[in-house]
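The values are calculated or read from the model by the stated rules, or taken from the named source; none is laboratory data. Not measured: the values here are computed from a predicted model. Ideal geometry is used to build each Cβ from the backbone, glycine not excepted, and the neighbour counts take in all protein chains shown.
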Amino acid sequence: MSETGKARHLSGRVLVVLFFLFLYFPLFALVGLSFNENRSVTVWTGFSFDWYLRLLENEDLLLAARTSITVALASATLATLIALPAAVGLARTSFRGRNSLDGAFRLPLLVPDIVFAIGALLFVLSIGLKPGLATLIIGHTAFCIPFCYLPIRARIAGFDWSLVDASSDLYSSRIRTLRRVTLPLLFPGIAAGFLLAFIVSLDDFIVSFFLSGPGSITVPVYVFGLIRIGVTPEVNAIASLLVMVSVTITILFFIAQSQSQRKVEK
Amino acid sequence: MSNRSAHSYLAIGLPLLALAFLFFGPLLAILAASFTERAPNGGIDWSGPVFDAYTALFYTPDLFGELEPNRAFLSAFSRSLYLATCTTLICLVAAIPMAIYISRRSERTKTLLLLLITIPFWANLLARNYAWILILRANGLLDSALQSIWPGFEGTGLLYSETAILIGLVYSFLPFMVLPIFASAERFDWDLVSASRDLGASVSRTYGKVVLPLLTPGILAGSILVFIPSMGNFITPQLLGGGQDFMLGNLIALQFGASRNWAHGAAIAVGLMIGISLVLLCLRRLGPKGPHLSGGA
């Protein structure tokens, strides 16, 4: 390797190290400090699991966790039910304006969440709903749609429609074809979309902030309230927990996806 | 055949109705609310379209009822534009070499590096910004580290500053920039670089004339994905800017909270959307075929 080649190789390494240090140091600092026994948050004195145990006794937090999970499950399911037929339908037809419809299902990604959040609040109030669990689910479903739609679209792009045609040529009913051929083939895309939507819903703060009512607060909204009061070990522990939950789901998702890809390659 | 397409249209039609209801409904609600005025007890007075909320973006009555320029909106708008632009540029500078680096690794390393970039992106945004409070605050991790190297150091005083907001925004959205540029870089044929070098072009000329133009779709997609959420951001300026350095997102939220001037909040949101559309139009002109989201997603 030439001198400049070596130098470039080295600068590449340095770049990668700095880049990942920037991405990961805050996360490790946060999780590390959540195990600090001391109350003074940023001075390390010793390892302790206490702050996590205390969270288990926190009724408000447990209620918020239940709301968060309910909303995430419901909106990921609804968004999948909306995105799946749209993605399949758009793939099997061609007409003018098809591309703009395809764009419409991605559009929620291009609107800042604060704008959608206040719009959703004004909207649910104007149709006579009061902020609460139902409005949370309505709002979350809307911004989850593209996250369900895009993986299914990607899966369809590599889809062999002749299998579906073969199935109906062999006198399989439409429902049977859907159940036995189309859906199993699309399953990785559907599952990916569902999981992404689930995480995105779980992590959302701003839409929940505007749409939650008394008694239906999600975990991020609860945490935001605590952060406003101050930096405490309890907040460290909840924030770390939030990070660990999404990181675990992401890694599981990744493993599942690479395995399904390996199966396809075989 | 016609039966099948009839089913396809139904399959598209129903989700489209749902999307219209769930997503375009709220956007229309904002537009409608921006042409109303504040009801005496807060909330909205729906009687007749008025343009007061828009006038109020630029002029606001002072103590004596005379109109003067509305500093809150104008400064929040320019600050949001400035910080979102800086964030996009910093992310570009960091992401382009990183994306190129990843695209030239072996399949295994590539997958690992991409996973490592994706993980923090899915971690909770609130928690990630909160982590920076721990680092930047007075006597926080950064101050303690600097003080142990340099005793008597007074502290950086970084928390609750524009710099802190900038750090938080870059940290929040950097992965959005890397992934689309990587998608472009991966399709890139590196023989073109050798060809350009063999024909006597310098390294910088090769990058400027060959590499960057071919990365443009990824760069545009990444810039859009970073710029939009930065421009309308609420969490970062709230947590790391301490609410002093208001960006548009905070100003909008304020109208729906303490100020209870929903019409004004809706008008600011419309202003934000118009600002974003203008930037998108400019970017579309730069791109060969216009930016699209498929680069990253």
### Task
Can you confirm whether the range B:104-117 contains a residue that is free of Cβ contacts under 8 Å to residues at least 24 places away in the same chain, surrounded by 19 or more Cβ atoms within 10 Å (Cβ to Cβ) and within 14 Å of chain A (Cβ to nearest Cβ)?
yes
#### Entry: Answer from A:SER168, A:SER94, A:SER75, A:SER173 - the residue that is closer than 29 Å to B:ALA33 by Cα, of a type in the set (S, T, N, Q) and either at pLDDT below 90 or out of contact with any strand residue (DSSP E or B) (no Cβ under 6 Å at 6 or more places or on another chain) (or both)
A:SER75
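Does B:PHE73 satisfy the criteria of being of a type in the set (A, V, I, L, M, F, W, C), more than 25 Å from the chain's Cα centre (by Cα) and farther than 18 Å from B:SER223 by Cα? Talk me through it step by step, then tell me what you get.
Working: of a type in the set (A, V, I, L, M, F, W, C): yes; more than 25 Å from the chain's Cα centre (by Cα): no; farther than 18 Å from B:SER223 by Cα: yes.
Here the answer is no, as B:PHE73 does not meet what is asked.
Can you tell me which of A:SER162, A:SER216, A:SER201, A:SER212 is over 25 Å from A:ILE137 (Cα atoms) and in the same structural domain as A:ILE82 (by TED's automatic domain parsing)?
Details: A:SER216 fails: over 25 Å from A:ILE137 (Cα atoms); A:SER201 fails: over 25 Å from A:ILE137 (Cα atoms); A:SER212 fails: over 25 Å from A:ILE137 (Cα atoms).
Testing whether each residue is over 25 Å from A:ILE137 (Cα atoms) and in the same structural domain as A:ILE82 (by TED's automatic domain parsing) leaves just A:SER162.
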### Message
Regarding the range B:86-98, can at least one residue be identified that is more than 7 Å from every other protein chain (Cβ to nearest Cβ), assigned to a helix (DSSP H, G or I) and either modelled with pLDDT under 90 or over 17 Å from the mean Cα position of the chain (by Cα) (or both)?
### Response
yes
### Task
Please find, within the range A:140-160, the residue that is nearest to B:PHE24 (Cα to Cα) out of those that are small (Gly, Ala, Ser) and more than 8 Å from chain B (Cβ to nearest Cβ).
A:ALA157
### Message
Can you tell me how many residues within the range A:59-113 are farther than 24 Å from B:GLY25 by Cβ, aliphatic (A, V, I, L, M) and within 23 Å of the chain's Cα centre (by Cα)?
### Response
7
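Taking into account only those residues within the range A:120-134 that are part of a helix (DSSP H, G or I) and more than 8 Å from every other protein chain (Cβ to nearest Cβ), which is farthest from the chain's Cα centre (by Cα)? Walk me through it before giving the result.
First, pick out the residues of the range A:120-134 that are part of a helix (DSSP H, G or I): A:120-126, A:133-134.
If we keep only those that are more than 8 Å from every other protein chain (Cβ to nearest Cβ) as well, we get A:124-125, A:133-134.
Working: A:VAL124: 23, A:LEU125: 26, A:LEU133: 19, A:ALA134: 19 Å.
Top of the filtered list is A:LEU125.
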### Message
Just the residues that are away from chain A (no Cβ under 13 Å) and more than 25 Å from B:GLY249 (Cβ to Cβ), please, taken from the range B:147-167.
### Response
B:ILE149, B:TRP150, B:PRO151, B:GLY152, B:PHE153, B:GLU154, B:THR156
### Message
Quick check on the range A:143-161: of everything there that is of a type in the set (Phe, Trp, Tyr) and more than 11 Å from A:ALA79 (Cβ to Cβ), which residue is modelled with the lowest pLDDT?
### Response
A:PHE159
### Candidate set from the range A:178-235 (those that are charged (D, E, K, R) and within 11 Å of chain B (Cβ to nearest Cβ)); member that is farthest from A:ARG153 (Cα to Cα)
A:ARG228
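Being within 17 Å of A:PHE95 (Cβ to Cβ) and modelled with pLDDT of 90 or more: is that true of B:PRO26 here? Before the answer, list the steps.
On the way: within 17 Å of A:PHE95 (Cβ to Cβ): no; modelled with pLDDT of 90 or more: yes.
When the stated conditions are applied, B:PRO26 does not pass them.
Take the residues in the range B:191-240 that are outside any helix (DSSP H, G or I) and at negative phi, then tell me which one is surrounded by the most Cβ atoms within 10 Å (Cβ to Cβ). Working first, answer last.
Step one: list which residues in the range B:191-240 are outside any helix (DSSP H, G or I), which gives B:199-202, B:232-234.
Pick out the ones that are also at negative phi and you get B:199, B:201-202, B:232-234.
Details: B:LEU199: 8, B:ALA201: 16, B:SER202: 11, B:GLY232: 26, B:ASN233: 30, B:PHE234: 22.
Among residues in the range B:191-240 that are outside any helix (DSSP H, G or I) and at negative phi, the one surrounded by the most Cβ atoms within 10 Å (Cβ to Cβ) is B:ASN233.
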### Query
Restricting the range B:148-190 to residues that are assigned to a helix (DSSP H, G or I) and of a type in the set (Val, Ile, Thr), which is farthest from B:GLY222 (Cα to Cα)?
B:ILE149
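In the range A:158-174, is there at least one residue being in contact (Cβ under 8 Å) with a residue 60 or more places away in the chain and assigned to a helix (DSSP H, G or I)?
no
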